[in-house]
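Below: the structure, in C-alpha cells.
The values are calculated or read from the model by the stated rules, or taken from the named source; none is laboratory data. All values reported here derive from a predicted model rather than from experimental measurement. A quick note on method: Cβ atoms are made from the backbone with ideal geometry, for glycine too, and the neighbour counts reach across all protein chains shown. Protein only, heavy atoms only, side chains kept; ligands, DNA and RNA dropped before computing areas. Shrake-Rupley method; radii C 1.70, N 1.55, O 1.52, S 1.80 Å.
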Amino acid sequence: MSFLFRGGDPALDLVNTVIVEAGAPLDLIPTPADLAAWTAAAGLGSPAAVSPEVHAAVVDVRSALKEAFDAVLAQQPVPTDRLNAVLADSPGTVLHAGPDGLQLLPRVDLTADPAALPWVLADAGARVLTGRGLLRRCANHDTCVLLFLDTSRSHTRRWCSMEACGNRNKVAAHAARASGRPPGARPRRSPR
C-alpha cells in the first residue's frame, strides 16, 4: 500500500488516508493490518498487529479530526467533544532531546503496544488545532482532498505537493494559455 505523507503532521497524514480516486473516496487504512502498516510508515512505531478495537478508535479519531480541521478552515466553531474524550485517556508526553532540538513526544511505545495510537493521533491533532494559522487545504479542489501544514516562509503554499497537484495545475494553465482559452475552461469539441 502506498501512503501519502504530505500533511507535515501525523494527524493531518491520518486525515489524508481518505483520498479521492476516480471521483470516489478511497480509504487507505480500511483494515487493522493497513493501519499497522501506516503507523510504521508514518514513523510512529512498528506494531506487529493492531486490534480491531484500536482500528475502530483510530477511524473515529480520523473522523473527529477531519470534522475539526474542516471547521477551522471554514472559520466555524471547532467541535471538541469527541477529541476531548480520547485525550482524557492520556498516557502523557515527555521531552526528548534529539538532533533537531527538543521535541515533545508521547510517553508510549507503539511498537510494543499500539493501544495508545488513538490518543497519540488525537494529541497530534489537538496541537495542529491550537496552531490554526498554518492549516491549509490543497488548492486542487477538483481532485484533491488533502490537508497540510503551510510551513513556507511566506505562508502562501497552495498545493499538497508541488510535484503532484501544483504541477498538474501549471500544466493545465499553460495548455489553456497556449490554446487561447481562459484557465479552467474546457477545450472545444470539434464538429464531426
Residue selected from segment 83-138 under the condition among the charged types (D, E, K, R), within 21 Å of Val59 (Cα to Cα) and modelled with pLDDT of 90 or more, by the criterion farthest from the chain's Cα centre (by Cα): Asp123
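Conditions (1) surrounded by 18 or more Cβ atoms within 10 Å (Cβ to Cβ); (2) charged (D, E, K, R); (3) under 21 Å from Ala36 (Cα atoms), marked per residue:
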| position | (1), (2), (3) |
| --- | --- |
| Pro52 | no, no, yes |
| Ala56 | no, no, yes |
| Val61 | yes, no, yes |
| Glu67 | no, yes, no |
| Leu73 | no, no, no |
| Ala85 | no, no, no |
| Thr111 | no, no, yes |
| Gly125 | yes, no, yes |
Just to check your reading of the model, which residue among Gly8, Gly43, Gly23 is in contact with a Leu (Cβ under 6 Å, 6 or more places away or on another chain), open to solvent by 40 Å² or more (accessible area, probe 1.4 Å) and not basic (Lys, Arg)? Gly8
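Out of the residues in segment 139-174 meeting the condition of being among the aliphatic types (A, V, I, L, M) and at pLDDT 85 or above, tell me which one is nearest to Leu4 (Cα to Cα).
Kept after step one, since they are among the aliphatic types (A, V, I, L, M), are these residues of segment 139-174: 139, 145-147, 149, 162, 164, 171-173.
The next check asks that each one be at pLDDT 85 or above; those that pass are 139, 145-147, 149.
Details: Ala139: 17, Val145: 12, Leu146: 9, Leu147: 11, Leu149: 14 Å.
Checked segment 139-174; the qualifying residue nearest to Leu4 (Cα to Cα) is Leu146.
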Does Leu26 qualify as being assigned to a helix (DSSP H, G or I) and under 18 Å from Leu146 (Cα atoms)? no
Mind listing whichever residues of segment 87-109 are in contact with a Pro (Cβ under 6 Å, 6 or more places away or on another chain) and surrounded by fewer than 20 Cβ atoms within 10 Å (Cβ to Cβ)? Thr93, Arg107
Report, by residue number, each residue of segment 136-153 that is more than 18 Å from Phe69 (Cα to Cα) and open to solvent by less than 80 Å² (accessible area, probe 1.4 Å). Thr143, Ser152
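Residues in segment 11-20 that are open to solvent by less than 30 Å² (accessible area, probe 1.4 Å) and either touching a residue at least 60 places away in the same chain (Cβ under 8 Å) or assigned to a strand (DSSP E or B) (or both): how many?
As a first pass, look at segment 11-20 and keep what is open to solvent by less than 30 Å² (accessible area, probe 1.4 Å): 11-17, 19.
Still in the list and also either touching a residue at least 60 places away in the same chain (Cβ under 8 Å) or assigned to a strand (DSSP E or B) (or both): 11-12, 14-16, 19.
Final tally of qualifying residues: 6.
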